[in-house]
Each structure stands twice: as structure tokens, then as C-alpha cells.
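Following: one structure in C-alpha cells, then a few remarks.
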Amino acid sequence: MTDPAPLLLESVELTYPDGGRRLTALDGVSLAVAAGELVAVAGPSGSGKSSLLAVAATLLRPDSGRVVVAGRDTAGLGGRDRARLRREHVGIVFQQANLLASLTAVEQLLAVEHLRGGSVREGRRRAEELLESVGLGADQRHRRPHQLSGGERQRVNIARALYGGPSVLLVDEPTSALDRERGERVMRLLASVTRRHRTATVLVTHDRPLLDHADRVLTMTDGRLGEGS
Ligand code: ADP
Ligand code: MG
């Protein structure tokens, strides 16, 4: 018997208010992502990619359909339980790194430990190890965001998303602020992180050459998810 997928979406519909009407952003989206699998979702701007991630992250509730994260059906969960589910099971990487300007790379990760109410002393070692594993050297780990390159900042961002040991990793256009070579390297990193940490990873991008690194490629068109690129 195989383990249940850490991320499962079934027939998800999502609409936004649009003047007096509703705009359909997700139109019957179903998706199962296995542990250790990297699924890339391609598709033009406005097709619903970020909405898909927001629903998978339990940041937005769908109008209908099922969202199951780490085996929990999220439908009945209130705001606090959803926040806990996110903290414990979901890592999120957005396009812009959203790092705190005054904190070093290590401290960015320790801020997560603080939010989790854990021990900062033990957290420090884990933070150092994770940053090393994403390719940040000993000096870089003690730099602040403005002292790091765009690619390095995105690595810190990825390490921070992994800090809580998520079973689901959601990544939105991680390479759009990077040049081709740095984008490739970040993509290879995400593929290796998915294998090593056994995350169910969904990465959305409109950068087609990067899709080669994915285990599976899906395409979003007007809120519908289809096979292939
Ligand atoms: P993508 O990430 O592929 O560019 P989005 O998920 O951001 O697509 O957007 C899908 C559709 O939903 C677009 O038509 C967009 O304008 C609309 N949309 C996204 N966010 C909101 C929002 N908060 N309120 C209203 N409409 C939105
Ligand atoms: Mg988007």
C-alpha cells in the first residue's frame, strides 16, 4: 500500500468578487502530489497559478472541493487550526524573498523557531546546517539580505521554508527575479531539496526551460489544470 499523498486537491473551485459578479480563478482543479515529487505548473499570467498555491497553503478557502494537507481535510478547520497546520506542514517560497532587512540569514530561520515557541539555541545548529545544505557558506550565513545576491537571498528563503520540516513545499515563480544561470541553479536546488526532504513540492513558473527539472509538468489555462506542457 502506498502512503497517502501529502497534498491532495479534489475538484477545487475558487472565485473572487469581481464587481457585481464572481471571477472564476480555479475551475475544478484536482491534484495529488506524492512525497518526494516535484510537480511544476506552467501557464500564462492570470491563469490561476498563485491562486492554486494559496488554496493549497490553506491561505484561501475554496468555494467548493476538497483540500487535504498532510492527511488533514482542511474544510472543517478554523483560522487557528489552519495556521497551525501551515506552521507544521507547509513551507512557502514566494517570488520575492520577503526577508527581514535587519536579520542575518541564520536569524531569518531562528525567527521561525521563535514563532514556533522552540529553543533558539538548538535552532541555531539546525539553521546553520540547513543554510549550508542550500549552498550558503559560513560567512554568508551571517550576512543581512542587502549583503547577499538575489540568488543567495532565494536560497535563504528556501532554507527558511524547510526549517519547520514541511511535508508540503509550495513555490511561486522562484526564479523570476534571477538571471538564467542563477534561475537554473535555484531550480536544481529545489529538485534536490524535494528528494532529500521528501516534500510534496508544487512549483509554479512561466519559465519553460526550468520545467525539465520537474518530475511532472502540468499546465494551467483559465483556472483549469491539464496534463503536459
Ligand atoms: P497567476 O498566478 O497565474 O498569474 P492568479 O492566481 O494570480 O494567476 O490570478 C488568477 C485570476 O484571478 C486573475 O484573473 C487575477 O486577476 C484574479 N485574481 C487574483 N487574485 C485576486 C484577488 N485577490 N481578487 C480578485 N481577483 C484576483
Ligand atoms: Mg502568480
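Might you check whether a residue that is surrounded by fewer than 20 Cβ atoms within 10 Å (Cβ to Cβ) and either within 16 Å of ligand 2 (Cβ to nearest atom) or assigned to a strand (DSSP E or B) (or both) occurs anywhere in the stretch 98-107?
Checking the stretch 98-107: at least one residue is surrounded by fewer than 20 Cβ atoms within 10 Å (Cβ to Cβ) and either within 16 Å of ligand 2 (Cβ to nearest atom) or assigned to a strand (DSSP E or B) (or both).
Does Asp215 satisfy the condition of being within 16 Å of ligand 2 (Cβ to nearest atom), open to solvent by 30 Å² or more (accessible area, probe 1.4 Å) and in contact with an Asp or Glu (Cβ under 8 Å, 6 or more places away or on another chain)?
Working: within 16 Å of ligand 2 (Cβ to nearest atom): no; open to solvent by 30 Å² or more (accessible area, probe 1.4 Å): yes; in contact with an Asp or Glu (Cβ under 8 Å, 6 or more places away or on another chain): yes.
Criteria not met by Asp215.
Output the residues belonging to the stretch 29-50 that are over 14 Å from the mean Cα position of the chain (by Cα) and either within 15 Å of ligand 1 (Cβ to nearest atom) or within 19 Å of Glu173 (Cα to Cα) (or both).
Val29, Leu31, Ala42, Gly43, Pro44, Ser45, Gly46, Ser47, Gly48
Which of the following residues is over 15 Å from the mean Cα position of the chain (by Cα), of a type outside the set (A, V, I, L, M, F, W, C) and on the phi > 0 side of the Ramachandran plot: Gly117, Gly123, Gly151, Gly137?
Details: Gly123 fails: on the phi > 0 side of the Ramachandran plot; Gly151 fails: on the phi > 0 side of the Ramachandran plot; Gly137 fails: on the phi > 0 side of the Ramachandran plot.
Criteria check complete, one pass: Gly117.
So which residues in the stretch 135-151 are out of contact with any Ser or Thr (no Cβ under 8 Å at 6 or more places or on another chain) and open to solvent by 40 Å² or more (accessible area, probe 1.4 Å), if there are any at all?
Within the stretch 135-151, the first condition is being out of contact with any Ser or Thr (no Cβ under 8 Å at 6 or more places or on another chain), and the residues that meet it are 135-140, 145-151.
The answer is Gly135, Ala138, Asp139, His146, Gln147.
In the set Glu132, Glu122, Glu88, which member is open to solvent by 40 Å² or more (accessible area, probe 1.4 Å) and farther than 20 Å from Thr199 by Cα?
Numbers: Glu132 fails: farther than 20 Å from Thr199 by Cα; Glu88 fails: farther than 20 Å from Thr199 by Cα.
Sole residue among the options that is open to solvent by 40 Å² or more (accessible area, probe 1.4 Å) and farther than 20 Å from Thr199 by Cα: Glu122.
Got a sec? Which of Val33, Val29, Val41, Val55 is away from ligand 2 (no atom under 16 Å from the Cβ) and modelled with pLDDT of 95 or more? Please lay out each step first, then the result.
Values: Val29 fails: away from ligand 2 (no atom under 16 Å from the Cβ); Val41 fails: away from ligand 2 (no atom under 16 Å from the Cβ); Val55 fails: away from ligand 2 (no atom under 16 Å from the Cβ).
After applying the criteria, what remains is Val33.
The values are calculated or read from the model by the stated rules, or taken from the named source; none is laboratory data. As the structure is a computational prediction, the values presented were derived from the model and not from experiment. A quick note on method: Cβ atoms are made from the backbone with ideal geometry, for glycine too, and the neighbour counts reach across all protein chains shown. SASA here: full protein model, heavy atoms, side chains in, ligands and nucleic acids out. Shrake-Rupley method; radii C 1.70, N 1.55, O 1.52, S 1.80 Å.
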